[in-house]
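Each value in this text was obtained by applying a stated rule to the coordinates, not by laboratory testing. Being a predicted model, the structure only gives us computed values, none of them experimental. Cβ sites come from the backbone with ideal geometry, for glycine too, and all protein chains shown count toward neighbours.
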Amino acid sequence: MSENAEDKAEGKAVSIPAQADGAEPGTTTDATAGETAGATLTKDAAPGEILLKVTGLQKHFPIRKGLLQRQTGAVRAVDGIDFEVRSGETLGVVGESGCGKSTMGRLITRLLEPTAGTVEFEGKDITHLGVGGMRPLRRDVQMIFQDPYSSLNPRHTIGTIVGAPFRLQKVTPEGGIKKEVQRLLSVVGLNPEHYNRYPHEFSGGQRQRIGIARALALNPKLVVADEPVSALDVSIQAQVVNLLDDLQQELGLTYVIIAHDLSVVRHVSDRIAVMYLGKIVELADRDALYKAPMHPYTKALMSAVPIPDPKRRSAKSERILLRGDVPSPISPPSGCRFHTRCWKATEICKTTEPPLLELKPGQRVACHHPENFEDQAPQDTVLLSAAKDAGELVPDAVLAESAETSEALAAEVAEAAEAAGEAEVAEEGAEKSNSDDK
Amino acid sequence: MTAPLHDTTAEAAPTAPADPAETGATKVEGRSLKQIAWNRLKQDKVALAGGAFVLFLTLVAVFAPLIVGLLGHPPNQFNQDKLDPLTNLPQGAWGGVSSDFLFGVEPNKGRDVFSRIVYGARISLLVAFLAAVVAVALGTLFGIIAGYFGGWIDALISRTMDVLLSFPQLLFIISLVSVLPDDLLGLTGSGVRIGVLVLVIGFFGWPYVGRIVRGQTLSLREREYVEAARSLGGGRRHILFRELLPNLVAPILVYATLMIPTNILTEAALSFLGAGVRPPTASWGGMLRDALETYEHDPMFMVFPGATIFVTVLAFNLFGDGLRDALDPKGAR
Ligand SMILES: Nc1ncnc2c1ncn2[C@@H]1O[C@H](COP(=O)(O)OP(=O)(O)OP(=O)(O)O)[C@@H](O)[C@H]1O
Ligand code: SF4
Ligand SMILES: [Mg+2]
């Protein structure tokens, strides 16, 4: 959350424990700060240090059929991802529905057991810790859930819900649980008197605040928010996002914020990971990603976000429509998983999976023919026919831009132009449309 | 997720308590779901009438000696003088109904029908209630375990429930009762029979509760609050009994209320068939069986216990239905 450093809410800041200023978010002045000195496994990682590191993470959900429950296949919800989260930053994770974002969130909070790969938190391997082993770590990693209607137990009062972290972790805050819960309620902008109310008496936005209070109760270091505002009214979304932002400034939190489009994530994230079918296809600093997205899928996602800049609003025609549906994660496409919908796909895309490489400092991308960068497989000069079809839905301006970095696409565009010149009726639909375009 | 997020800085102090409409709720006093359900139940006059009768009957059963002392005669006292010496049928119209014998007297033995019905309520309600407790306890435990853990545990419990549900329980109980000794575990006489009835009716009843609890648990365990509890370090026991169970109380309560009348009928049927409590202990089903011998000449002796069973079962069912509607206005109807 790099923006909005100044717009703290006046009314509320008082109730937050004394804070180091926003510049050093890693060292909050909470009770835990005292332990920092000298320890190798520092309780608080310094800002910028790696807090969470994920390597080759996979989660396959087995599909079982029949009486004997034999495994007949697997949903490859998360299929080998690597990234790290640095202390004090906000990592945004975006991708279409079903691409494995929630699964990823539940893996790093260890609500799910990974199929393969490792998760390290503050240098400690937590990949296969059991319920007991995870318990102390639960204080440091918290989750905010998507659905405010199902994330609060309807039979518990707000006091019980927000106080649960203390009871489950067997910690007694100074001044007692009740007092601490009331303080937390005021921190998130709720009336502390509502302590004895039940969740059904609150609106969606208020419920999400309750969920946030619960997540913050134990002073976590990492907060994973799974689509924290997507179930809320548009008018409330900004308030909740701003609350998260403010809390980060004041408590020095590290966030992983999951969203299904870029509009929520763009204002609060320092870095953004774009997921497609269980893979990270691009991971970059926010500004770099917005200025020059390198993965075609990122580009498509970005074209779908309404552009706030009025100068560019005319560019509506640049919107990229993707052909077809997301393929099934049960049998994902070979090579690059995006090749069935990509307008730049060539043979190599079908056969070889592009590795996630840091092509520019702070920008990792998994693509053979990235945008805004030199072609990684220039020898491949023949477009797949699927790519030609996909190209039909891509605006000319985008195609032209893409052609600059792709021999194959350039050749295709040129060929189409030639065909148009000879005024021949092309047999292939793709060619035809391309010639029309010219 | 669109427009408003782009100019967040322009928004009003973001952490001020939400919007005015939301803060308006501050004034309203908090109401728990229990209170809401009670308010709904109060609107349902039919259910309230059922509940009132259930309450009345419970009091009658509890204070049976007192009531009989005031309004009747000892239940096992033979009042031969009230019988026609020739036919052994009650003297007077309507099976001997009089201000002295409110529901008349038994043919042949001359016992006070009112007293026997009042004492019979004790047996019926006790057996039905305790059997429901047994069924609910077993059903809740196994249902919640099957639903939460799934896999082979669920398969095992579910198959067991299927087997029990397809078991001819009446026949089983009759044969069981006929082979059991009269004295068991320090209990004697009626005590043994009551204990056996409670355990056996309860045991054959738990799969009904178990199925409902399992189904509910299956859907509840997907709720995010379960995941939230796990993410806070909550163990299985916490999740089963602190997070899930409170949400199962309503359906369990409703099912238990609807199960009691079924148990009353089962107990009556068993007593009717001679597998219930033993004579001379009064029971409604036993009275019906006795009435069978003379119903052509003295139909009233059949009408009183029959009507009592009918009204009691109806009252429980009406109350249970009302309770269900009050606790879950979306379900049913
Ligand atoms: N417990 C599970 N068992 C089997 N399959 C699962 C399970 N959880 C998720 N999946 C599958 O894994 C894939 C990824 O799911 P996931 O919930 O992570 O997606 P998502 O990106 O969060 O989507 P959304 O935006 O809809 O929340 C989906 O195909 C989903 O059907
Ligand atoms: S160009 Fe190839 S590698 Fe790159 S996204 Fe398209 S299909 Fe994947
Ligand atoms: Mg999700």
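Before moving on, here are some points about what is shown:
- Derived scalar couplings between HN and Hα for the range A:388-401 equal 5, 4, 4, x, 4, 8, 9, x, 3, 4, 5, 4, 4, 5 Hz in order, rounded to whole Hz, by the Karplus curve 6.51 cos²θ - 1.76 cosθ + 1.60 (θ = phi - 60°), x for Gly and Pro.
- Close amide H pairs (under 5 Å, H built 1.01 Å from N) link A:Glu49 with A:Ser87, residues at least 5 positions away or on another chain.
- Overall, the range A:225-311 carries a charge dipole of about 440 debye about its Cα centre when +1 sits on the Cβ of Lys and Arg and -1 on the Cβ of Asp and Glu, all other atoms neutral.
- 3J(HN,Hα) couplings calculated from phi for the range B:245-256 with the Karplus curve 6.51 cos²θ - 1.76 cosθ + 1.60 (θ = phi - 60°) are, in sequence order, 3, x, 7, 9, 4, 4, x, 5, 4, 4, 5, 5 Hz; Gly and Pro show x.
- Distance between the modelled labels on B:Val133 and B:Arg278, one decimal in nanometres: 2.5 nm (7 Å Cα→Cβ projection).
- FRET E, pair A:Gln71, A:Ser97, Förster distance 30 Å, beta-carbon r, rounded to 0.05: 0.75
- Label zone at A:Phe61, where the point sits 7 Å out along the Cα-to-Cβ direction: the range A:241-285 residues whose backbone N lies under 15 Å: A:277-278
- Per residue, the Cα convex hull of the range B:53-327 amounts to 154 Å³.
- Here each label is just a point 7 Å from Cα along the line to Cβ, and for B:Phe310 and B:Ser166 those points are 3.6 nm apart.
- Mean-position separation - Cα centroids, the range A:102-124 and the range B:196-218, in angstrom: 39
- For the residue pairs A:Lys178/B:Lys34; A:Lys221/A:Lys360; A:Lys124/A:Lys350; A:Lys170/B:Lys34, the alpha carbons lie more than 31 Å apart in A:Lys124/A:Lys350.
- Per-residue mean of C-beta atoms belonging to partner chains within 10 Å, peptide A:233-243: 6
- Intensity falloff of the range A:174-318 expressed as log10 I(q)/I(0), Debye formula with alpha-carbon point scatterers, at q = 0.10, 0.14, 0.15 Å⁻¹: -0.44, -0.77, -0.85
- When only the Cβ of Lys, Arg, Asp and Glu is charged (+1, +1, -1, -1), the dipole of the range B:222-316 relative to its Cα centre reaches about 580 debye.
- Along its first, second and third principal axes, ordered by size, the range A:134-215 spans 32, 27, 22 Å in Cα coordinates.
- Net lengthening on full extension, B:Leu176/B:Leu71 (0.36 nm per residue, minus Cα-Cα): 34.0 nm
- Per-residue mean of C-beta atoms belonging to partner chains within 10 Å, peptide A:151-159: 5
- Once both labels are positioned 7 Å from their Cα atoms along Cα-to-Cβ, the gap between A:Ser334 and A:Phe373 label points is 2.5 nm.
- Highest-first packing order for the peptide set B:112-120, A:378-386, B:52-60 is B:112-120, A:378-386, B:52-60, based on the mean count of other beta carbon atoms within 10 Å.
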